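Each remark here refers to the structure printed beneath this line.
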Amino acid sequence: ETGVTQTPRHLVMGMTNKKSLKCEQHLGHNAMYWYKQSAKKPLELMFVYSLEERVENNSVPSRFSPECPNSSHLFLHLHTLQPEDSALYLCASSTRTGSNQPQHFGDGTRLSIL
Amino acid sequence: QKEVEQNSGPLSVPEGAIASLNCTYSDRVSQSFFWYRQYSGKSPELIMSIYSNGDKEDGRFTAQLNKASQYVSLLIRDSQPSDSATYLCAVIVAAGNKLTFGGGTRVLVKP
């Protein structure tokens, strides 16, 4: 079983749909992250959670809504997305936020907006 | 100026040769540096971390850090076709204490 599991792996949705991405980590980590990876652009940090508390919201539009019910699970709720939101969404976790802590990534959800 | 910069490549390397990847960063007080490997369609995989000036070796990989010049490099010795991937440099930027990624360098190892 991989350390960080994301579902679904692929998602196609219309602009008016509501869907959720799920991330689960089995590493005993206390920090979890959402990243967006678009073609030909660096990984962009979206949200950071530490012990279920959001500590960073990196100027992300409100059509993306994160939820962290416990330190092992992280969700990204999506509604009324735009075509430019099509990307690979990656979840990561680390022991804690802060220096010297590498992050471990899930396999991502490939999102396509029609 | 981008916080973390890498040459996008592709860096074409013959099998068995050394691949040399460079990364520069703008935040002078950064303390933690990482190299990730990402195969096409897959997630980034941590391959090296380095925190002190000098070299750090792990198998065929060597990371080199020079804080005075604000660069970190990755050497891949005896390159194999399976090393063909995009290599991402990541730096913990002091401001906000967040992990910031470069755009990645695509490496192609040709048999």
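Structure summary
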{"read-out": "For B:S84, distant residues with modelled amide H under 5 Å away", "value": "B:V109"}
{"read-out": "Approximate spin-label separation B:A17-A:S86, in nm, with each point projected 7 Å along Cα-to-Cβ", "value": "3.6 nm"}
{"read-out": "Under the Karplus curve 6.51 cos²θ - 1.76 cosθ + 1.60, θ = phi - 60°, whole-Hz ³J(HN,Hα) for region B:102-111, x wherever Gly or Pro sits", "value": "x, x, x, 10, 8, 10, 10, 9, 9, x"}
{"read-out": "Charge dipole of chain A about the Cα centre (unit charges at C-beta), most positive-ward option of A:Q82, A:N30, A:T95", "value": "A:Q82"}
{"read-out": "Over 23 Å [Cα-Cα, the protein assembly as shown], rounded percent", "value": "48 percent"}
{"read-out": "Exceeding the 21 Å Cα-Cα cut-off - candidates A:K22/B:K42; A:K41/B:K110; A:K41/B:K56; A:K19/B:K98", "value": "A:K41/B:K110; A:K41/B:K56; A:K19/B:K98"}
{"read-out": "Computed E for A:H73/B:S69 - FRET, C-beta separation, R0 45 angstrom, nearest 0.05", "value": "0.60"}
{"read-out": "19 Å Cα-Cα reach of B:K67 towards aspartates and glutamates, excluding residues that sit fewer than 8 places from it in its own chain", "value": "B:E3, B:E5, B:D27, B:D55, B:E57"}
{"read-out": "Once the Cα gyration tensor of chain B is diagonalised, semi-axes √(5λ) in Å", "value": "23, 15, 12"}
{"read-out": "Radius of gyration and Dmax over the Cα atoms of region A:3-114, both given in Å", "value": "13.2, 41"}
{"read-out": "Cα centroid of region A:70-114 to Cα centroid of region B:25-51, whole Å", "value": "17 Å"}
{"read-out": "Most mobile listed residue (A:N17, A:N30, A:N100) in chain A, GNM with C-alpha springs under 10 Å", "value": "A:N100"}
{"read-out": "Backbone N within region A:34-68 under 16 Å of label point (7 Å from B:S26 Cα along the Cβ vector)", "value": "A:42-45"}
{"read-out": "Among A:S20, A:S72, A:S62: highest mean-square fluctuation, GNM of chain A, C-alpha pairs under 10 Å", "value": "A:S62"}
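Just so you know, all these numbers are worked out from the coordinates, no wet-lab data involved. These figures come from a predicted structure and were not determined experimentally. Neighbour counts run over all protein chains shown; Cβ positions are idealised from the backbone, glycine included.
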